[in-house]
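Colleague: What follows is a single structure, and I will ask about it in a moment.
The values are calculated or read from the model by the stated rules, or taken from the named source; none is laboratory data. Just so we're clear, the structure is a prediction, and the values are computed from it rather than from any experiment. Note: ideal-geometry Cβ built from the backbone for every residue, glycine included; neighbour counts use all protein chains shown. Each accessible area value is taken on the protein alone, full model and side chains, heavy atoms only, with ligands, DNA and RNA left out. Shrake-Rupley method; radii C 1.70, N 1.55, O 1.52, S 1.80 Å.
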Amino acid sequence: QVQLVESGGGLVQAGGSLRLSCAASGRTFSNYMGWFRQAPGKEREFVAGVTWSGAGTWYADSVKGRFTISRATANNTIYLQMNSLKPEDTAVYYCAATTENGRRRSDDFRFWGQGTQVTVSS
């Protein structure tokens, strides 16, 4: 089992920045980690993913160049640095883990955090 706890959400104005954190515990060895988001009335969508080593990263086209995913293996934490935020980035952001690198479908992720709300005002 893997336990995931997100933090760092909040309210920010358009153009601002936030950094989300996801602390992992339990059986975290070699997990591929990802961030997803879900806005009201919309399906959950992939945002970014990172390999256990941190060397491999994947991004949704909508966040490329604005968001950066990273991993600190020393404390089993992943981060999502979000810059140049837009109102359309408003959503609940979820951290997730699976065993296969490069996955983007939510169905491929076995473990999930509880989510953290990000609200971007215009």
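Colleague: Being more than 20 Å from THR119 (Cα to Cα) and among the basic types (Lys, Arg) is the filter here, so list the residues in segment 63-95 that pass it. Please lay out each step first, then the result.
Modeller: Keep residues of segment 63-95 that are more than 20 Å from THR119 (Cα to Cα), which gives 70-78.
Scanning segment 63-95 gives a single hit, ARG71.
Colleague: Here's a check for you: in segment 3-36, which residue that is among the hydroxyl-bearing types (Ser, Thr, Tyr) and open to solvent by 30 Å² or more (accessible area, probe 1.4 Å) is farthest from THR73 (Cα to Cα)?
Modeller: SER17
Colleague: Could you list all residues from segment 40-56 that are surrounded by fewer than 14 Cβ atoms within 10 Å (Cβ to Cβ) and at negative phi?
Modeller: In the first step, residues of segment 40-56 are kept if they are surrounded by fewer than 14 Cβ atoms within 10 Å (Cβ to Cβ); the result is 40-43, 53, 55-56.
Hits for segment 40-56 are PRO40, LYS42, GLU43, SER53, ALA55, GLY56.
Colleague: Find the residue count for segment 1-44, including only residues that are without any contact (Cβ under 8 Å) to a residue 24 or more places away in the chain and touching a Phe, Trp or Tyr at 6+ places or on another chain (Cβ under 8 Å).
Modeller: 1
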